[in-house]
Amino acid sequence: MNRLRCAALAALVSTGCGGALAAQPIETPSLAPRVAAGELPPVAERLPRLPLLTALPRDGWRPGRHGGDLRLLMAKAKDIRQLSIYGYARLLGYDEQLALRADLLAGYSVRGGREFTLRLRPGHRWSDGQPFTSEDFRFYWEHIANDAELSPGGPDKKLLVEGRPPQVEFPDAHTVIYRWHKPNPYFLTAMAAPRPLFIYRPAHYLRTLHKAFATDLYGFANEIIKADARNWISRFHNLDRPYKASNPERPTLQPWVNTTPGPSEHFVFTRNPYYHRVDANGRQLPYIDRVTIDIASNKLIPAKAGAGEADLQARYLRFDNYTFLKQAESRSGYRVHLWRSAKGAHLALYPNLNTADPAWRELLREADFRRALSLAIDRYEINQVVYFGLVDTGNNTVREACPLYQPEYRQRWTDFDLARANRLLDGLGLSRRDARGVRLLGDGRPLEITVQTAGESTEQTDVLALIHDSWLRAGIKLYVAPSVREVFRNRIFSGEAQMAIWGGLENGMPTADSSPEELAPSNKYQYQWPQWGSYVASGGAAGEAPDLPAARRLVALHDAWREAPDKAGRAAAWRQMLQIHSSELFTIGIVSGVLVPVVVKQRLRNVPEQGLYNFEPGAYFGIYRPDTFWFDDGDGGGDS
Amino acid sequence: MLHYTLRRLLAMIPTLLVISALVFAIIQAPPGDYLESYIAELQAAGETVDEEKIAFLRHEYGLDLPLHEQYWVWLSGMLQGDFGYSFEHNLPVSEIIGDRLLLTVALSIATILFTWAVAFPIGIYSATHQYSWGDYGLTLLGFIGLATPNFLLALVMLYFANVWFGISIGGLVDPALIDAPWSWEKIRSVLAHLWIPVIVIGTAGTAAMIRRLRANLLDELQKQYVITARAKGLPPGKLMRKYPLRMAMNFFVADIGNLLPQVISGAEIVAVVLSLPTTGPMLLGALQSQDMYLAGAFLMFLALLTVLGVLVSDLLLAALDPRIRLGGGAGR
């Protein structure tokens with residue numbers, strides 16, 4: 001019966017229409033005294049008229065009970081922004097299958113990829129009880145995005161198509177329409193991102209901080225001086241940080257609201273009494289009353305988690321902590337799950353196609369050279385030696401669970417085949433060798449590649465040591481140059497570096513609607529072609545124009561994706577780009593799908609055993625809806 | 001004496017100016033600035049970096065000014081009591097540092113008392129029983145304390161304190177009580193946590209203290225006035241307290257100069273490992289993320305305290321020991 005009801009609810013939710021409450025709303029016990037004292041309206045009045053009925057179609061998921069404190073550990077006070085990620089209340093967000101669903105919005109519709117109509121929930125309120133309406137969107141658009149002082153660069157780039165802003169209309173209190181002259185494929189994903197584009201702000205609160213609304217300029221100036229701010233702009237930005245959650249006074253729509261002004265070692269987030277989600281029994285979410293964050297040094301966090309000082313922890317835990325955590329499992333009353341990262345590759349080599357040395361530049365731009373480097377890596381050995389054989393190997397590309405995945409993308413040029421690698425290298429005119437057996441370049445220099453690392457983990461150097469051995473058998477000598485991150489990046493930008501090692505594609509689980517910008521030259525921070533990326537990002541003002549046909553083709557395909565009118569067109573662009581990458585190997589992927597230990601208190605329910613631990617898409621725990629996690633007090637209750 | 005004090009005070013001004021220039025140069029020495037480390041951090045978290053936003057922030061924070069202008073802004077601000085703004089915490093520096101000082105001072109005083117309590121009896125015993133089994137044994141113990149890497153000892157003690165006594169790992173107070181007002185329960189919790197860092201930091205200092213006290217005492221014990229006093233039948237305890245021990249205290253007063261900066265910096269490495277809410281980890285974090293005003297304020301504080309500490313110990317020495325000349329080199 002229960003399962004049936006869940007399925008029915010899931011169908012309801014997935015239509016995105018919300019629907020009427022299945023039961024009378026139940027008052028949250030921890031808020032009842034405040035309701036009785038008249039400080040808060042009763043739950044039926046706090047919920048939007050159309051609350052989002054939440055029932056997740058996952059095995060083992062069931063509605064829970066109110067109450068409890070969830071303890072988290074973070075390394076820096078700044079990390080409290082993780083709660084904006086875990087909370088994951090977005091206008092629309094990804095579900096566990098990575099499909100987009102309306103969340104804060106009651107619904108939305110898209111016409112021709114260029115006209116977006118957002119419908120709000122009537123009666124929806126900010127955490128301070130003020131209504132959340134189209135006025136909050138208007139405030140952002142007119143007084144933040146288009147305010148010459150607050151946004152000197154104009155609206156965010158994701159809101160511009162070919163440099164032109166949208167027409168924005170606010171027909172009534174619950175409808176907002178964005179209309180561009182051409183399709184804007186970034187818009188919806190930007191709102192669903194873990195760090196979203198906040199196109200709505202609490203107008204009633206921010207108006208008091210905005211110069212345009214200051215009636216008493218003298219008093220306004222005094223406030224700024226009292227706050228020790230440089231000017232009203234920096235005070236405004238400081239107090240309006242929707243993502244950082246650093247200002248307890250700023251109203252929010254997230255499930256938990258920060259109550260601790262920094263600096264502190266202990267932050268407390270309490271439930272948002274006006275949150276818009278409700279379960280089938282009529283309990284307003286989140287179930288958990290408070291989330292507390294303790295700041296501890298990141299090296300101590302595994303030890304603290306092992307001592308049972310966290311109820312839910314994955315951040316700052318690494319795979320090599322797994323055995324320690326597992327050993328303390330029963331002593332400290334938690335379970336350790338292993339979730340997978342969704343990066344395209346955990347580690348990848350980045351040949352710098354913009355390296356300064358002309359001979360090397362020419363060689364690194366040869367696809368056959370990169371292919372030979374890839375063929376001469378023994379990924380199986382790396383997996384066995386460093387990762388106990390538990391991770392996946394192959395190219396830096398989308399992951400198996402992604403709808404765009406083809407086995408060929410991951411496997412091409414990744415067999416360990418020294419004979420073929422040697423043949424390819426001989427074919428490039430590198431057949432002369434010195435006494436050590438290291439091949440010689442045309443100008444007589446030995447083929448010695450220095451790989452830059454950011455010097456943060458010994459894991460990278462371990463992997464490089466194994467690659468060193470197999471490359472040597474192909475006549476290539478590898479050196480490792482560890483440094484610190486800033487130096488590492490500057491060496492790549494300046495062209496001093498020949499090659500670097502770093503993580504692969506951030507988004508290994510894209511859909512056709514996700515931006516393929518990581519695959520094409522698009523910004524300076526792409527270590528395989530920093531100059532080309534810089535050129536594209538600046539519109540030709542900086543960097544160098546991509547001059548390799550394949551790279552130019554990627555830029556063109558990125559444009560084609562942007563302008564494609566429909567999903568099929570975008571999927572086609574994605575496939576071609578992935579195809580080019582698997583054949584050209586602009587980055588050389590090594591391993592992927594690394595496991596992350598997730599410590600979960602035994603009493604904590606609704607946390608899946610297997611999951612994706614990823615920033616974008618995924619929002620770490622966000623897509624599994626931490627507002628539905630709850631503490632079971634052992635009486636098995638919750639379903640009633 | 002007054003003349004001497006005044007001259008020393010005036011000499012502090014150019015010293016501090018030179019130190020401020022050095023501090024600024026050191027903070028600026030690593031490549032990049034705070035925003036570079038900020039970009040790197042965003043990227044490591046998988047977040048995107050908006051170049052325009054970065055340029056805007058760089059202008060907001062004044063990081064696009066030439067170096068000498070940045071130095072001037074910092075220096076003139078400090079002279080007016082404004083230590084600048086921490087980029088990392090988004091707060092004025094003065095608000096961040098204040099909170100941490102109390103626990104740092106408490107920890108440091110406890111550590112110093114612990115060191116003295118251990119080192120004094122051992123030092124006196126070693127000197128009076130030179131080359132005995134007791135001397136060797138206790139000295140060995142002190143050296144073991146000195147030779148064990150602090151951070152290792154800290155981790156081991158943390159683990160067993162948690163497993164055996166159920167004390168929460170790291171920090172100076174139980175997480176549940178961090179924001180609670182001061183109460184008996186909170187003080188008890190602080191005391192329950194305090195002994196680990198006190199022992200860890202203290203063990204490193206005891207060996208040096210023991211050796212110095214022993215050496216100074218041995219020098220005195222050979223002298224004729226001690227032999228005379230002993231020949232006249234003064235009881236050994238009173239003799240020790242009244243004559244050679246007092247003479248051996250010079251090094252102890254001279255040490256005060258080092259104590260003050262220690263109180264503020266609070267044994268950084270141990271504090272980082274133990275995740276103590278003292279100033280050490282914050283200074284390290286500020287240096288790593290190139291949060292220049294926060295780091296600068298800390299380093300200037302340290303410098304000021306060192307300079308003041310040296311002054312205090314010099315004045316004390318001059319007052320205590322009539323043999324010290326105030327003329328500076330006139331007698332050499």
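The values are calculated or read from the model by the stated rules, or taken from the named source; none is laboratory data. Quick caveat: nothing in here was measured; it's all calculated off a predicted structure. Virtual Cβ from ideal backbone geometry, glycine too; neighbours counted across all protein chains shown.
Inside region A:135-183, can you point out the residues that are among the hydroxyl-bearing types (Ser, Thr, Tyr) and in contact with a Leu (Cβ under 8 Å, 6 or more places away or on another chain)? Answer for region A:135-183, where residues must be among the hydroxyl-bearing types (Ser, Thr, Tyr) and in contact with a Leu (Cβ under 8 Å, 6 or more places away or on another chain): A:175, A:178. You will find that of A:619, A:541, the residue that is within 14 Å of chain B (Cβ to nearest Cβ), surrounded by fewer than 16 Cβ atoms within 10 Å (Cβ to Cβ) and modelled with pLDDT under 95 is A:541 and no other.
Look at (1) under 30 Å from residue A:309 (Cβ atoms); (2) in contact (Cβ under 8 Å) with a residue 60 or more places away in the chain and you find that residue A:33 fails only one, number (2). Of all residues in region B:265-297, those being touching a strand residue (DSSP E or B) at 6+ places or on another chain (Cβ under 9 Å) and either at the interface with another protein chain (Cβ under 9 Å from one of its Cβ atoms) or of a type in the set (Val, Ile, Thr) (or both) number 2. Only one entry in A:173, A:106, A:99 is small (Gly, Ala, Ser), closer than 27 Å to residue A:56 by Cα, assigned by TED's automatic domain parsing to the domain that holds residue A:28 and surrounded by fewer than 17 Cβ atoms within 10 Å (Cβ to Cβ), namely A:99.
Among the residues of region B:296-327, those identified as of a type in the set (Gly, Ala, Ser) and in a helix (DSSP H, G or I) are B:296, B:297, B:303, B:309, B:313, B:318, B:319. If you check A:307, A:245, A:296, A:303 for being of a type in the set (A, V, I, L, M), buried (at least 24 other Cβ atoms within 10 Å of the Cβ) and within 14 Å of chain B (Cβ to nearest Cβ), only one passes: A:296.
Taking the criterion of being on the phi > 0 side of the Ramachandran plot and without any contact (Cβ under 8 Å) to a residue 60 or more places away in the chain, the residues of region A:357-397 that qualify are A:388, A:389. Of the residues screened, residue B:183 is not one that is farther than 30 Å from residue B:246 by Cβ and within 14 Å of another protein chain (Cβ to nearest Cβ). Can you name the residue in region B:58-113 that is touching a Gly at 6+ places or on another chain (Cβ under 7 Å) and aliphatic (A, V, I, L, M) and is also nearest to residue A:228 (Cα to Cα) among such residues? Looking at residues that are touching a Gly at 6+ places or on another chain (Cβ under 7 Å) and aliphatic (A, V, I, L, M), I get B:91. Every condition in (1) part of a loop (DSSP other than H, G, I, E, B); (2) more than 14 Å from chain A (Cβ to nearest Cβ); (3) surrounded by 15 or more Cβ atoms within 10 Å (Cβ to Cβ) is met by residue B:83 except one, and the failing one is (2).
Answer yes or no as to whether residue A:246 is outside any helix (DSSP H, G or I), among the polar types (S, T, N, Q) and at pLDDT below 95. Spelling it out, residue A:246 is indeed outside any helix (DSSP H, G or I), among the polar types (S, T, N, Q) and at pLDDT below 95.
Of all the numbered requirements in (1) modelled with pLDDT of 90 or more; (2) in a loop (DSSP other than H, G, I, E, B), residue A:471 misses one, and that requirement is (2). Just give me the residues in region A:401-448 being assigned to a strand (DSSP E or B) and surrounded by 19 or more Cβ atoms within 10 Å (Cβ to Cβ), in sequence order. Matches in region A:401-448: A:439 only.
Here residue B:73 clears all of (1) at pLDDT below 80; (2) within 14 Å of another protein chain (Cβ to nearest Cβ); (3) in a helix (DSSP H, G or I) except the condition numbered (1). Residue count for region A:256-293 satisfying the condition of being buried (at least 24 other Cβ atoms within 10 Å of the Cβ) and either within 12 Å of another protein chain (Cβ to nearest Cβ) or on the phi > 0 side of the Ramachandran plot (or both): 2.
The listed residues are A:460, A:411, A:406, and the only one of them that is assigned by TED's automatic domain parsing to the domain that holds residue A:573 and touching a helix residue (DSSP H, G or I) at 6+ places or on another chain (Cβ under 8 Å) turns out to be A:406. Residues that are part of a helix (DSSP H, G or I), more than 7 Å from chain B (Cβ to nearest Cβ) and under 24 Å from residue B:98 (Cβ atoms) within region A:227-236 comprise just one, A:235. Checked across region B:169-178, the condition of being hydrophobic (A, V, I, L, M, F, W, C), surrounded by fewer than 21 Cβ atoms within 10 Å (Cβ to Cβ) and away from every other protein chain (no Cβ under 14 Å) holds for no residue. If you check A:280, A:367 for being more than 30 Å from residue B:273 (Cβ to Cβ) and in the same structural domain as residue A:604 (by TED's automatic domain parsing), only one passes: A:280. Output yes when any residue across region A:575-585 is buried (at least 21 other Cβ atoms within 10 Å of the Cβ), within 14 Å of chain B (Cβ to nearest Cβ), outside any strand (DSSP E or B) and not hydroxyl-bearing (Ser, Thr, Tyr), and no when none is. No, that holds for no residue.
Of the residues B:211, B:246, the single one that is modelled with pLDDT under 85, of a type outside the set (Val, Ile, Thr), more than 30 Å from residue A:265 (Cβ to Cβ) and out of contact with any helix residue (DSSP H, G or I) (no Cβ under 7 Å at 6 or more places or on another chain) is B:246. Here residue A:109 does not qualify as of a type in the set (S, T, N, Q), farther than 30 Å from residue A:297 by Cα and in contact (Cβ under 8 Å) with a residue 12 or more places away in the chain. Give me the helices (runs of 4 or more DSSP H) completely within region A:23-92, filtered to those with at least 2 residues that are surrounded by fewer than 20 Cβ atoms within 10 Å (Cβ to Cβ), ordered by residue number. Answer list for region A:23-92: A:32-36, A:43-46. Filtering region A:77-87 for residues that are on the phi > 0 side of the Ramachandran plot and at pLDDT below 95 leaves an empty set.
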